[in-house]
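Nothing in this text is a laboratory measurement; each read-out follows from the coordinates by a stated rule. Owing to the predicted nature of the structure, the values given are computational and were not obtained by experimental measurement. FYI the Cβ positions are ideal-geometry reconstructions off the backbone, even for glycines, and counts take in every protein chain you see.
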Amino acid sequence: MKKILMLIFVLALTACENPRGMFTVSNEMKLKKKKYLFFGSKEIKIPVGSYNAKIAIKSKRKFKFEINDLNGSAVKRFTFKVPKGIELPTGRGDIFLTSNQVKQPYDVYVVVDAEYSSSESYSGYEFCTRTIRRRVCRDICRIVNGRYVCHQECYYEETTYRGNRYVRYHYNYTDKTFTVELQGPGTGVAHGIFNGTDRDTDKIYDHYGYCY
């Protein structure tokens, strides 16, 4: 079975995930768009065709589906709600939400497929800082009965130095493939399908040298 992850799943995972790809419309669609100057919403027609698109995460309770016409027309943004209490997958998996739950005219079915890989090992020098704690003493003098009386006060202070250090590291990659179907309510028939990808890169340090 082909793995897919829903637009909504993206939102719940991390704001770092903003998959980009193509949105293919096989039957003319109408999505609700919020009115900015007035209350309520209006419907925007999405003609049959293929469009550049991405998912923009706004919060854990909603996300925006952004569609660009291939001829460079203005971006169309549509908000999808995320029901409270929904158990969303945290890795490979799929999810289905009804049109009533997402507050759009279509049911949403999404699945994600993830592949994990690592790079070769790298080495080199990188900028670093180190903090040294040292004991500092100074004479404190004041006038007592017409004469100077001095005593020594000592304390510790921290000084931060800039330097370089030798490091060894590698990268871990998570490549996710997203497929999102916008289906006619209760029919299971897809009117539009989004196929997108997202890569997450983590730098992993295997060795730190001394900062000097």
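Quick rundown of the values:
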| item | result |
| --- | --- |
| Sites R77 and K45 - FRET efficiency at Förster radius 22 Å, r taken between beta-carbons, to 0.05 | 0.90 |
| Zone of K203's modelled label, taken as backbone nitrogen in segment 113-148 under 14 Å from a point 7 Å along Cα→Cβ | 122-129 |
| Segments 143-152, 92-101 sorted - mean Cβ within 10 Å per residue, highest first | 92-101, 143-152 |
| Pairwise centroid distance, computed over Cα atoms, of segment 179-212 with segment 97-111, Å | 19 Å |
| Under Karplus coefficients 6.51, -1.76 and 1.60, residue-wise ³J(HN,Hα) of segment 132-148 in Hz, glycine/proline x | 10, 9, 9, 8, 10, 10, 8, 8, 10, 10, 8, 8, 10, 6, x, 9, 6 |
| Entries in K54/K76; K30/K103; K45/K176; K35/K84; K33/K64; K54/K103 that, when Cα-Cα distance is taken, lie over 22 Å | K45/K176; K35/K84 |
| Cβ-derived FRET efficiency at R0 22 Å, T131 paired with Y155, nearest 0.05 | 0.85 |
| Cα-derived Rg over Rh, computed across segment 97-187 with Rh taken as Kirkwood radius | 1.55 |
| Ordering of 104-116, 182-194 by packing [mean C-beta count within 10 Å, highest first] | 104-116, 182-194 |
| Added length on full extension, which subtracts the Cα-Cα distance from 0.36 nm per residue, R165 to N195 | 6.5 nm |
